[in-house]
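Chemist: There's a structure below that I have some questions on.
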Amino acid sequence: MSVKTDRAAAIDEVMSLLTAMEELQSRKVIELARRLRPGLTAEDIRNPHDFPELDDTDWHFADGQLAGIQSVITALRARRQSEEEG
């Protein structure tokens, strides 16, 4: 196995873990949002400023964690693409 293949495999493994983390955190964010305002959808929470109930420090913290996980996923996808191209 080449170094390039090893790196790609490592990135794939990390992506798999991050995807699972993203799914879990997404569920946490929507569940917390629904405790604050029942009936909210995943689409609704993309615009939290439309819902005053979401002006909650715990919700913002959970949503920030989700945004961080998603940022890492985006960065790794870009890295993986550059690995494939180069």
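Nothing in this text is a laboratory measurement; each read-out follows from the coordinates by a stated rule. Because the structure is predicted, anything quoted here is derived from the model rather than measured. So basically every Cβ, Gly included, is an ideal-geometry build from the backbone, and we count neighbours across all protein chains shown.
Chemist: Quick one: how many residues across the range 32-60 are surrounded by 11 or more Cβ atoms within 10 Å (Cβ to Cβ) and either part of a helix (DSSP H, G or I) or touching an Asp or Glu at 6+ places or on another chain (Cβ under 8 Å) (or both)?
Modeler: Final tally of qualifying residues: 14.
Chemist: Examine the range 54-65 for a residue that is touching a residue at least 40 places away in the same chain (Cβ under 8 Å) and under 20 Å from Asp12 (Cα atoms), and state whether such a residue exists.
Modeler: Taking every residue of the range 54-65 in turn, none turns out to be touching a residue at least 40 places away in the same chain (Cβ under 8 Å) and under 20 Å from Asp12 (Cα atoms).
Chemist: Residues being of a type in the set (Lys, Arg) and surrounded by 12 or more Cβ atoms within 10 Å (Cβ to Cβ): count how many of those fall in the range 1-26.
Modeler: Result for the range 1-26: 1.
Chemist: To continue, here is another question. Hydrophobic (A, V, I, L, M, F, W, C), within 30 Å of Ala8 (Cβ to Cβ), touching a helix residue (DSSP H, G or I) at 6+ places or on another chain (Cβ under 9 Å) and surrounded by 11 or more Cβ atoms within 10 Å (Cβ to Cβ): is that true of Ile69 in this structure?
Modeler: yes
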